[in-house]
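A short worksheet on the structure shown next.
Nothing in this text is a laboratory measurement; each read-out follows from the coordinates by a stated rule. Note that the structure is a prediction, hence the values are computed from the model and not measured. Positions of Cβ are backbone-derived with ideal geometry, glycine not excepted, and every protein chain shown enters the neighbour counts.
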Amino acid sequence: MKPIDPPSKSARICIVGGGAGGIELATRLGRTRGRHGAEIILVDRNAQHVWKPRLHEVAAGLMDADDAVGYLGHAAAHGYHFHMGTLLGIDPLRHSLRISGISSQIDRTQIVGEREIGYDFLVLALGSRANDFGIPGVVEHCHMLDSAAEASGFQRRFLESVIQVAEGRKERLGVGIAGAGATGVELAAELRHASHDLQRFGGLDDRQRLDITLVDGAGRILPGLDGRTSQAIAKRMTQFGVKMVLGQQVDHVTAGAFHLKNGEVVPCDLKVWASGIIIQDLSAILPALTLLKSGRIKVEDDLACTGVADIFALGDCAAALSDAGTAPPTAQVAHQQAGYLARALPRRLQGKPVKPFRYKSRGTLISLGNKQAVGEIPVAHHRAPLTITGTKTKFLYIALYQMHRAVLFGWPRTVALMIADWLRRRTLPPIKLHW
């Protein structure tokens, strides 16, 4: 098998996974390549990047998946190389990895075959996907929100069902969401607000014809947050008309309902599975990796993978320690880890020591629609976090995405994109009405 490109005279840092952390790391290293002299390569199975925390907006039709960042163009503008493919194997002795070929989307003919890439440092930023826990019917009947394509697929089904209601083919539309974490709660809130916008175009008559149900085995929504914050969000969800079935686990799923272990049946036309995450099984790709029961990769305090040399991990796939235990699989963690490795890897290339990574929680924000959000901010040690609500909290939520954009494009272009977003909102329907 031939290498994907000629051997490089400079050091080569290869990043597998172009999610929130992977693309930020590639961008930061690519911009500063003149200082550390390394060649930067990003590998991803998809051709474009969408910030995963916003996929619930794509699913509700409030954001177009076409707003994604194309890796090829972005790589050319920011000093790194992009190669499309799925990770197939890693040879730590030869310092190389194999990625899959690419097939045409038109006739499925092969464009390029398997390729091999050499590396000096390898960073695994593989992310995660929804965990179906082997529950019967989940794969067959539920939508996942792990990619822009999946979120767009749900949006199409939702709009088709709305048309059926508008045309009298269906009396009501029921949406069931398994998982009352951030994704499930935010999707439920956005769907409720989307139904308001659909009223203006002859669609649903708001909550009178749209039923949204959240199902979770935990006793409250967002169990990872402080009880007061969770209670404040639950109150808002009740005001939105969202039904919450808590403390009950799904036993199996059929085409028309969630069937719970206590015998209860939750009827729903559309079903979304947002309960738990699972990491890609890496045991066959690199047996030397130390994996936890969750499938996450055990890493040292410098994000180096335990048991192998010159391989690092960040984001959801990495089990990095924090002051409160293992750092959670969130975009905030991936952002901090990308910034850390962008500084640490060049120092390693120069033979300089690096400080350990320390995750510092900046709080949690949950979007509850167009102008609403609820969150919590950590305060003094051993004290309960501060719960915040209102329009200013929504502004902070939006600012997180703009900060991600700023890393990818710089602030001048980010401001231009913000203006373009504002113009679209002023001139186009607030919700996507086509597929």
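Things worth noting here:
- DSSP-defined beta bridges in the range 131-275 - what % are antiparallel, rounded to 5: 30 percent
- Expressed as a fraction of 2.2 N^0.38 Å, the C-alpha radius of gyration for the range 131-275 is 1.01.
- Its Cα gyration tensor gives the range 75-169 an equivalent ellipsoid. The semi-axes, each the square root of 5 times an eigenvalue, are 37, 18, 14 Å from largest down.
- Ordering Ile431, Ile311, Ile135 by the number of other Cβ atoms within 10 Å of each residue's own Cβ, fewest first, gives Ile135, Ile431, Ile311.
- Evaluated over the range 306-435, the Cα radius of gyration and Dmax, each in Å: 18.7, 55
- GNM result for the chain, Cα springs below 10 Å: residue of Leu365, Leu93, Leu173 fluctuating most strongly: Leu93
- Comparing Asp91, Asp132, Asp146 in a Gaussian network model of the chain, where Cα atoms under 10 Å apart are tied by springs, the biggest mean-square fluctuation is seen for Asp91.
- Across the range 264-369, the volume of the C-alpha convex hull divided among the residues equals 174 Å³ per residue.
- Its DSSP H runs of at least 4 residues, each contributing -39,500 (n - 2.57), put the calculated 222 nm mean residue ellipticity of the chain at -10000 deg cm²/dmol, to the nearest 500.
- Take the Cα of Leu423, step 7 Å toward its Cβ, do the same at Lys352, and the gap between the two points is 4.2 nm.
- Taking other Cβ atoms within 10 Å as a rough exposure proxy, Arg192, Arg358 sort from fewest to most as Arg358, Arg192.
- Going from the fewest other Cβ atoms within 10 Å to the most, the residues Trp411, Trp273 appear in the order Trp411, Trp273.
- With the convex hull drawn around the C-alpha atoms of the chain, the volume per residue stands at 160 Å³.
- The ellipsoid equivalent to the alpha-carbon distribution of the range 1-113 has semi-axes of 26, 20, 12 angstrom, derived from the gyration tensor eigenvalues as √(5λ) and listed largest first.
- Which listed pairs, of Lys392/Lys432; Lys170/Lys235; Lys52/Lys235; Lys371/Lys392; Lys52/Lys298; Lys243/Lys394, have C-alpha distances above 20 Å, in listed order: Lys392/Lys432; Lys170/Lys235; Lys52/Lys235; Lys52/Lys298; Lys243/Lys394
- Cα-Cα pairs of the range 362-428 separated by more than 19 Å (percent): 47 percent
- Within a Gaussian network of the chain (alpha carbon springs, distance under 10 Å), most fluctuating of Lys52, Lys392, Lys298: Lys392
- DSSP-defined antiparallel bridges as percent of all bridges, the chain, nearest 5: 50 percent
- Relative contact order, percent, the range 362-428 [alpha-carbon distance under 8 Å, six or more residues apart]: 22 percent
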